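The next block holds one structure in the form of structure tokens; read it before the comments.
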Amino acid sequence: MRETDFFNGVRVPVIGQGTWHLGEDAAKRKSEVSALRAGIDAGLTVIDTAEMYGDGASEELVGEVIRGQRDEVVLVSKVYPHNASRSGVVAACERSLRRLETDRLDVYLLHWSGGFPLSETVDGFEHLRAAGKIRSWGLSNFDQDDLERAPGGCATNQVLYNLGSRGIEFDLLPWQQHRGMPLMAYSPLGQGPTLLAHPLLAEIGERHGVTGAQIALAWVIRQPGVIAIPKASSLEHVRQNVGAGAVVLDSEDCLSLDNAFPAPRSKQPLDIL
Ligand SMILES: NC(=O)c1ccc[n+]([C@@H]2O[C@H](COP(=O)([O-])OP(=O)(O)OC[C@H]3O[C@@H](n4cnc5c(N)ncnc54)[C@H](OP(=O)(O)O)[C@@H]3O)[C@@H](O)[C@H]2O)c1
């Protein structure tokens, strides 16, 4: 699978794994652990979680998944805005590290902009970085104007990006690409059924011998500097998402997708879930 620069010279495959809603149902735990581990084995080594997901349940699941293979993964977690004071961010990170059974995060994100001044949050991040508890920090759900005002040192910005939500192509995505700041694309499958039911995806998929979901994912990562983090809780979905890394869309595919899912022609408000 193609790789891209992430932070501090670390390169990662352009497809990783999301974990929202994983770890919340004891009956599904075993299959979710197997799915995430299969993804890591197949190269989907960026794992995205957050203290918010299942009130820590997702981080605990990820802790179990990476036990004995911490060095094989690039671990991303997020702090709640209401915990993002200078001291709050440090305490929240310590709690996340305990749940994740590790001594460090690779990337620590502010989940979205909140009440504390960003400079205070970044002070907390820098303190964690100096202490070796995080290797880098970044932001999430920040639009271009907010990013422009952010203190230097932001490794990445994680935002909604999929065929049905293309607003960032007008300004934010090129802005990040120009600065070499990788963009983490969340909900790259549009959270599943509605987007994936579009008949054009199946039609293009048929030409390539893959599924419509693989086309949707291949489309997200066609752009340089984009890391997609689909969430999949079954082995079959993980297998498909790995395979999407090898799908190359041609200009005819991209043109018909542009017709069905038009690119923005003007500034759009940042889509947020
Ligand atoms: N920073 C933020 O504010 C933010 C917001 C939202 C999400 N995120 C992150 O981004 C990750 C991904 O976003 P998401 O979970 O919202 O949505 P998503 O990844 O776009 O979609 C997940 C849905 O797609 C299904 N799926 C996965 N692979 C598939 C395949 N090959 N074929 C068909 N269906 C497939 C999953 O089903 P199964 O589970 O049954 O496999 C699940 O229902 C999250 O898990 C989270 O880590 C971040």
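Taking the longest Cα principal axis of the chain as reference, the axis of helix 199-208 is set at about 80 degrees.
Under unit Cβ charges (Lys, Arg +1; Asp, Glu -1), what dipole magnitude, rounded to 20 debye, does segment 1-135 have relative to its Cα centre? Show your work: numbers first, answer last.
Numbers: 17 positive and 21 negative charges, 25 e Å.
About 120 debye.
Coupling constants for segment 220-225 follow from the phi torsions by the Karplus curve (6.51 cos²θ - 1.76 cosθ + 1.60, θ = phi - 60°), and in residue order they are 4, 8, 5, 7, x, x Hz; glycine and proline get x.
List the equivalent ellipsoid semi-axes of segment 59-212 in whole Å, largest first, each obtained as the square root of 5λ for an eigenvalue λ of the Cα gyration tensor.
On the way: eigenvalues 189, 90, 34 Å².
Each semi-axis is the square root of five times an eigenvalue, giving 31, 21, 13 Å.
A Gaussian network model of the chain, with springs between Cα atoms under 10 Å, assigns the largest mean-square fluctuation among ASP171, ASP250, ASP258 to ASP250. With K and R counted +1 and D and E -1, the other residues having a Cβ less than 10 Å from that of ALA50 yield a net charge of -2.
With K and R counted +1 and D and E -1, the other residues having a Cβ less than 11 Å from that of GLY212 yield a net charge of -2. The alpha carbons of segment 126-273 give a radius of gyration and a Dmax of 16.4, 51 Å, in that order. Ellipsoid semi-axes for the chain, based on the Cα gyration tensor and the rule √(5λ), read 29, 23, 15 Å when sorted largest first. A straight line joining the Cα centroids of segment 116-157 and segment 42-99 runs 16 Å. Distance between the modelled labels on VAL248 and ASP5, one decimal in nanometres: 2.4 nm (7 Å Cα→Cβ projection). Cα centroid separation, segment 229-273 to segment 8-28: 18 Å. The HN-Hα couplings worked out from phi for segment 148-153 by the Karplus form 6.51 cos²θ - 1.76 cosθ + 1.60 (θ = phi - 60°) are 4, 8, 6, x, x, x Hz, whole numbers, x standing for Gly and Pro.
Over segment 36-93, the pair-distance histogram of Cα-Cα distances with 10 Å bins from zero comes to 22, 47, 25, 6 percent, rounded to whole numbers.
With helices as the sole contributors, the chain gives -11500 deg cm²/dmol at 222 nm; each DSSP H run of n ≥ 4 counts as -39500 (n - 2.57), and the sum is divided by every residue.
Note on the chain: Lys pairs 8 or more places apart or on different chains, Cα atoms under 19 Å apart, count 4. As an equivalent ellipsoid, segment 201-269 spans semi-axes of 22, 16, 11 angstrom, where each value is the square root of five times an eigenvalue of the C-alpha gyration tensor, largest first. Under 5 Å from the amide H of MET181 lies no amide H of any residue 5 or more positions distant or on a separate chain, with H modelled from the backbone and absent for Pro and chain starts. Each label was represented as a point 7 Å from its Cα along the Cα-to-Cβ direction; for ASP41 and HIS208 these points are 2.5 nm apart.
Multiply the residue gap between ASN259 and SER234 by 0.36 nm, knock off their C-alpha separation, and tell me the result in nm, one decimal place. Each step should come with its number before you reach the end.
Working: separation 25, 0.36 × 25 = 9.00 nm, distance 3.17 nm.
Result: 5.8 nm gained on full extension.
Taking Cα centre as origin and charging only the Cβ of basic (Lys, Arg, +1) and acidic (Asp, Glu, -1) residues, the dipole magnitude of segment 141-193 rounds to 160 debye.
Since every read-out is calculated from the coordinates, none of them should be taken as a lab result. Note that the coordinates shown come from a computational prediction; the quantities given were computed from them, not determined experimentally. Positions of Cβ are backbone-derived with ideal geometry, glycine not excepted, and every protein chain shown enters the neighbour counts.
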